[in-house]
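A quick write-up on the structure given underneath.
The values are calculated or read from the model by the stated rules, or taken from the named source; none is laboratory data. These numbers were taken from a predicted model, which means no experiment stands behind them. With ideal geometry, Cβ positions are generated from the backbone for all residues, glycine too; neighbour counts draw on all protein chains shown. These accessible areas exclude ligands, DNA and RNA; they are computed on the full protein's heavy atoms, side chains included. Shrake-Rupley method; radii C 1.70, N 1.55, O 1.52, S 1.80 Å.
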Amino acid sequence: MNRKDKSSRKTVSAIQNTLLQLLCSRRVREIKIVDLCTAADINRTTFYLHYAGITDVLDELRDEITERVFAATDPTTDFLDPQDPLPFLTTATGVFETYPHFADFIRHSQDADVFLTKLKNEFTAKLCRRYLQSCKNGEENAECVECVFRFLTAGVLDTYTEWLKSDRSVAFSTILAKCAPIVAAGQEILAKRS
């Protein structure tokens, strides 16, 4: 099946968005495929053309978000000023906002933390790989660099996910400014190692 086909893409979007909406009031294990199909106005055969089960929808959604965020960010500039992850996170926010029920899912779903943790881990791993590829001596110190980088990235992404769950009354740039000294200290360590 070609996910780029307009009809397929429309069906996949309907399934993803409907699942996000259902997850605002139910746990993932409580949602039956028949309920999802009814709410998405598709039949079960159509669902099974795209997915094997409910968790596959979430897995693909997470992969899709990761792919879209990283496709929209320039790997050569990610780490020119790593003390400022705001452009990357602004891109991520823009991608999240293209899913109509994503914000409600993050704020109200009991399954959001699991989803966000897996998403954070994917972001961290990809960012770490980009960073190591941009280092002059990345291979020599890869283990140390990876540990420090994962610590910093996970901290920023944890802060970001908490912000996503909030009412967003405080701009994320303000929150990030409070974290800047920690990120700068970590970046200094990374600069000495790479």
How much of the accessible area of the chain, probe 1.4 Å, is carbon plus sulfur, in whole percent?
52 percent
Please give the calculated 222 nm ellipticity per residue for the chain, where each DSSP H segment of at least 4 residues contributes -39500 (n - 2.57) and the sum is spread over every residue; nearest 500 deg cm²/dmol?
-23000 deg cm²/dmol
Accessible area (Å², 1.4 Å probe, nearest 10) - LYS126:
80 Å²
If you bin every alpha carbon distance in the chain into 5 Å steps from zero, what whole percent lands in each bin?
1, 7, 15, 18, 16, 14, 11, 8, 6, 3, 1, 0
Given a 1.4 angstrom probe, what's the average accessible area per residue across the chain, in square angstrom?
55 Å²
So the number of lysine pairs in the chain with alpha-carbon atoms under 17 angstrom apart, 8 or more residues apart or on different chains, is 4
Contour excess over end-to-end distance, with Cα ends at LYS10 and THR174 and 0.36 nm allotted per residue
55.3 nm
Given a 1.4 Å probe and the protein chains all in place, what does the accessible area of VAL183 round to, in Å² to the nearest 10?
10 Å²
From most to least accessible, 1.4 Å probe, no ligand or DNA/RNA atoms counted, THR161, THR38 line up as THR38, THR161
With charges only on Cβ, +1 for K and R and -1 for D and E, what is the dipole size of the chain about its Cα centre, in debye, rounded to 20?
320 debye
Exposed-site-free run, longest, the chain (rule: GluC sites (Glu not before Pro); DSSP loop; at most 12 other C-beta within 10 Å):
1-96
